[in-house]
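Participant: Structure below; questions to follow.
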Amino acid sequence: MARYFDDVAHTFNEYLLVPGYSSTECTPDKVNLKTPIVRYERGSEPPLTINIPLTSAIMQSVSDDTMAISLAREGGLSFIYSSQTIEDEAAMIDKAKDYKAGFVVSDSNLSPDMTLEAVMKLKEASGHSTMPVTHDGSPHGRVLGIVTSRDYRPSRTPLTSIVSDFMTPREKLIVAPANTTLKAANDIIWDHKLNALPVVDENDCLLYMVFRKDYDSHKLNPLENLDVHKRYMVGAGINTHDYTERIPAVIDAGADILCIDSSEGFTEWQKLTLDWARKEYGPDLKIGAGNIVDKDGFRFLAEAGADFIKVGIGGGSICITREQKGIGRGQATSIIEVAHARNEYYEETGIYIPLCSDGGIVYDHHMTLALAMGADFMMLGRYFARFDESPTNKVTINGNYMKEYWGEGSARALNWARYTQGSAKKFSFEEGVDSYVPYAGSLKDNVGVTLAKMRSTMCNCGALTIPEFQQKAKLTLISSTSIIEGGAHDVMLKDQVNMLPPR
């Protein structure tokens, strides 16, 4: 007979945290959300950490180089999606690693023979008023000058005027050499009252632009997730098909950590991938695996050498694995069981393996519940797909702004066969959908609100760190009636009153 689990599988929505004692010292501004993302031994420091417990999913509609830079700036980490060519994934990683905080590769560049009309169109399209002029109009051409809004007046300067006639020429510009540090660049900007400083190489070719406004921006991001060379950290997704070619390429591009992207991780395919990676690169290569939903899956991947383990099958908003194959488990129950197995493994071996909760997150408070249940960080798809920084199109649906969002198991992504193994030649069914999610604006604003809720909740439980939170948290199952009670009920909301038809 099949093995039956005694308990019902529960979701995050079926649990609440019970408040605990909090002292006057327990305030949100003192909460530290730093968390490990790779295995480490008892008594030692984790080799890799992130400053907030949020990572973006290994998905075409979520994690590209723009998302990687934006999330690292806030303290999290993106895993660039692997359902693309090896060369394209490596290029995205390279872009993210080459991006220097405060040093911007100019994406609004002029050639000396462009007209003011072309300048105005570029300004409108990019929103940038400061544009370097290079000999060929490229981001790294030889610097000939710069154009700012002070160099022309649209009401008086003819639209047919040539850039070379009204630009500030090179001989009047202050520039910085390639080896200039960000601090030195900002000192030059302030000393000479500049708004922008070009950084050039020995041939006077443009490398970066440093802007006065970015100085304040840098100060506003104290949690930036940086490597030892002060570059943004970035992860890379890999698969169990072409790993012998993909892993070397993404490592050469600078990926700080890898993760096997698969709907199910309790397989020999993942062990073979981990074995090859360890044989070729040793313990210094950091690589996560998954997904699993029980203690058996955890033990398998732990002994196979995974640096972190993803938990969750079928709980993603665009995932239909459960209804297609009848496989999965409630996310809360999965995290609770696997966390117990992780703690037992730690007591037995002295090795702590971080858990990543992947799927089942609908509301911000679900993230805090996942942490309380034992997860060290979350991997989020729908959450990040809503933001400006995701790589998908913003569209209007029935008068509302939406962002495209599709699963890696959907028809849209099936050109990269994640699920075929062995004798399978093609996909016979889908495990994901193609959809839209409500557009939510900028990543920074939304992540800020989410983290504020997280810190406040932890203080309600008397905790200032994630480990302390996990130790002190008290959880209770709730009834369906309690779920209704927890929201607004038995009232008419004001926005509903405004929608009533006139009498």
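The values are calculated or read from the model by the stated rules, or taken from the named source; none is laboratory data. Note that the coordinates shown come from a computational prediction; the quantities given were computed from them, not determined experimentally. No Cβ is skipped: glycine too gets one built from the backbone with ideal geometry, and neighbour counts run over all protein chains shown. The accessibility values were calculated without ligands, DNA or RNA, using every heavy atom of the protein model including side chains. Shrake-Rupley method; radii C 1.70, N 1.55, O 1.52, S 1.80 Å.
Participant: Mind checking region 1-66 for chymotrypsin sites (Phe, Trp or Tyr not before Pro) that DSSP puts in a loop (not H, G, I, E or B) and that have at most 10 other Cβ atoms within 10 Å?
Facilitator: Qualifying residues, ordered by number: TYR4, PHE5, TYR21.
Participant: Let me ask another. Using 0.36 nm times the number of residues separating HIS340 and ILE478, minus their current alpha carbon distance, what extension gain do you get?
Facilitator: So the extension gain works out to 47.5 nm.
Participant: Now for a separate question. Out of all DSSP beta bridges with both ends in the chain, state the antiparallel percent to the nearest 5.
Facilitator: Antiparallel bridges: around 55 percent, rounded to the nearest 5.
Participant: Going by average Cβ density within 10 Å per residue, which order do the peptides 193-199, 293-299, 58-64 take, highest to lowest?
Facilitator: Sorting 193-199, 293-299, 58-64 by mean packing, highest first, produces 58-64, 293-299, 193-199.
Participant: Considering the Cα positions of the chain, please state its Rg to one decimal place and its Dmax as a whole number of Å.
Facilitator: Values for the chain (Cα only, Rg and Dmax): 25.5, 86 Å.
Participant: Moving on to the next point. Taking the alpha-carbon set of region 1-114, what are its Rg and Dmax in Å?
Facilitator: Rg, Dmax (Cα atoms, Å): 21.6, 79.
Participant: Starting with the highest mean, order 244-253, 470-479 by the number of other Cβ atoms within 10 Å, averaged over the residues of each peptide.
Facilitator: 244-253, 470-479
Participant: Nothing charged except the Cβ atoms of Lys and Arg (+1) and of Asp and Glu (-1): what's the magnitude of the dipole of the chain about its Cα centre? Round to the nearest 20 debye.
Facilitator: With only Lys, Arg, Asp and Glu charged at Cβ, the dipole is about 1100 debye.
Participant: What is the extension gain from GLU268 to ASP284, computed as 0.36 nm multiplied by their sequence separation minus the C-alpha to C-alpha distance, in nm to one decimal?
Facilitator: Length gained between GLU268 and ASP284: 3.5 nm.
Participant: Continuing with this model, one more query. List the trypsin sites (Lys or Arg not before Pro) in region 102-180 that DSSP assigns to loop (not H, G, I, E or B) and whose Cβ has at most 15 other Cβ atoms within 10 Å. Which are they?
Facilitator: For trypsin sites (Lys or Arg not before Pro) across region 102-180 that sit outside H, G, I, E and B with at most 15 neighbouring Cβ atoms in 10 Å, the list reads ARG156.
Participant: Next question. Spelling out what I want: for every residue of region 372-389, take phi, set θ = phi - 60°, compute 6.51 cos²θ - 1.76 cosθ + 1.60 (Karplus), and round to whole Hz; glycine and proline get x.
Facilitator: Coupling constants for region 372-389: 4, 7, x, 5, 8, 7, 10, 10, 10, x, 3, 4, 7, 4, 7, 9, 3, 7 Hz.
Participant: Report in % the part of the accessible area of region 1-139 that belongs to carbon and sulfur, leaving out ligands and nucleic acids; probe 1.4 Å.
Facilitator: Carbon with sulfur: 51 percent of the solvent-accessible area.
Participant: Okay, next question. Return the ratio Rg/(2.2 N^0.38 Å) for region 289-362, where Rg is computed over Cα atoms only.
Facilitator: The value comes to 1.09.
Participant: Report the Stokes-Einstein translational diffusion coefficient (µm² s⁻¹, integer) for region 38-171, Rh taken as the Kirkwood radius over Cα pairs, at 25 °C with viscosity 0.890 mPa s.
Facilitator: After rounding, the answer is 137 µm²/s.
Participant: Obtain the nm distance between the two label points defined at GLU303 and GLU87 by a simple spin-label model: each point lies 7 Å from its Cα along the Cα-to-C-beta direction.
Facilitator: Output for this residue pair reads 4.3 nm.
Participant: Using the Cα centre of region 270-396 as origin and beta-carbon charges of +1 (Lys, Arg) and -1 (Asp, Glu), tell me which of ALA306, GLY282, HIS366 is placed farthest towards the positive end of the dipole.
Facilitator: Looking along the dipole axis, the top candidate is HIS366.
Participant: Could you give the accessible area per residue of the chain, probe 1.4 Å, as a whole number in Å²?
Facilitator: Result: 49 Å² of accessible area for each residue.
Participant: Go through 159-165, 228-234, 278-284, 47-53 and give me the packing order, highest mean Cβ count within 10 Å leading.
Facilitator: Top to bottom by mean Cβ count within 10 Å: 47-53, 228-234, 159-165, 278-284.
Participant: Then there is this: Is there a pair in LYS121/LYS403; LYS34/LYS213; LYS34/LYS183; LYS183/LYS219; LYS183/LYS444; LYS30/LYS286 whose C-alpha atoms are over 22 Å apart, and which pairs would that be?
Facilitator: LYS121/LYS403; LYS34/LYS213; LYS34/LYS183; LYS183/LYS444; LYS30/LYS286
Participant: With θ set to phi - 60° and the Karplus curve 6.51 cos²θ - 1.76 cosθ + 1.60, what are the ³J(HN,Hα) couplings of region 481-494 in order, to the nearest whole Hz, using x for Gly and Pro?
Facilitator: Here the 3J(HN,Hα) series is 5, 5, 4, 5, 4, x, x, 5, 8, 6, 9, 10, 5, 4 Hz.
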